[in-house]
Amino acid sequence: MRKMLCWIAAVLLAIAVPSVAGAQSSMNTAPDKAAMRDKLIGAWRLAWLEEQGTDGKTARVERTGTLLYTPDGHMSVQIMAPKGQADAPSNPVQYGEGGYEAYFGTFEVNEEAKTVTHHVQGALVRSLIGKDLTRMYRMSGNQLVLTSSRPDEHWTIAWEHY
């Protein structure tokens, strides 16, 4: 009887160990999939913005702004130029008006492509409503650095958590 109980225990253990290891393995990969999305959540302040001028040279431009990602998948962005500065005319997409740009909506992260897509539900510039604005991302120290996925847009923007 004792040999039978030991044999049953050994069989149960042989079955349980691989399934526990598999569960731990999937538990370890699940946070990785959500890791970048989790890193985005919160309020960010604009650290710097670089745009390509009409002369083809990239330069930092003075802007202030906030970016917000919520845990339930919503986002909003607001960026303002100093008084008297106009929007950069070199971009093919008009994001702002009168030195101010703002839009809100939902977002999703594609970790394989290293992109975050903003699904615009409302915007200062109404032609943006209903558009999907895909941004390539990278983390650089404590900064979230975004660039457009469009080959005809040449800007880079960095955000830091508040």
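The values are calculated or read from the model by the stated rules, or taken from the named source; none is laboratory data. No experiment lies behind these values; they were computed from the predicted model shown. Cβ: placed from backbone, ideal geometry, glycine included. Neighbour counts: every protein chain shown.
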When every residue in the stretch 43-101 that is among the acidic types (D, E) and in a strand (DSSP E or B) is compared, the one nearest to Y137 (Cα to Cα) is E50
List every residue pair whose Cβ atoms lie under 7 Å apart, where the two residues are 6 or more positions apart in sequence or sit on different chains, the first residue falls within the stretch 115-138 and is in contact (Cβ under 8 Å) with a residue 60 or more places away in the chain, and the second residue, located anywhere, is crowded, with 18+ Cβ neighbours inside 10 Å and not in a strand (DSSP E or B). V116/L40
If I filter the stretch 12-29 for residues that are in contact with a His (Cβ under 8 Å, 6 or more places away or on another chain) and modelled with pLDDT under 95, do I get at least one hit? no
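Counting just the residues of the stretch 102-145 that are part of a loop (DSSP other than H, G, I, E, B) and among the aliphatic types (A, V, I, L, M), which one comes out nearest to the chain's Cα centre (by Cα)? Write out each step before concluding.
Within the stretch 102-145, the first condition is being part of a loop (DSSP other than H, G, I, E, B), and the residues that meet it are 111-114, 124-125, 129-131, 141-142.
From what's left, among the aliphatic types (A, V, I, L, M): 113, 124-125, 129.
Working: A113: 11, L124: 21, V125: 22, I129: 19 Å.
Ranking the candidates gives A113 first.
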In the stretch 33-65, residue nearest to T117 (Cα to Cα) [restricted to those that are among the polar types (S, T, N, Q) and modelled with pLDDT under 95]: Q52
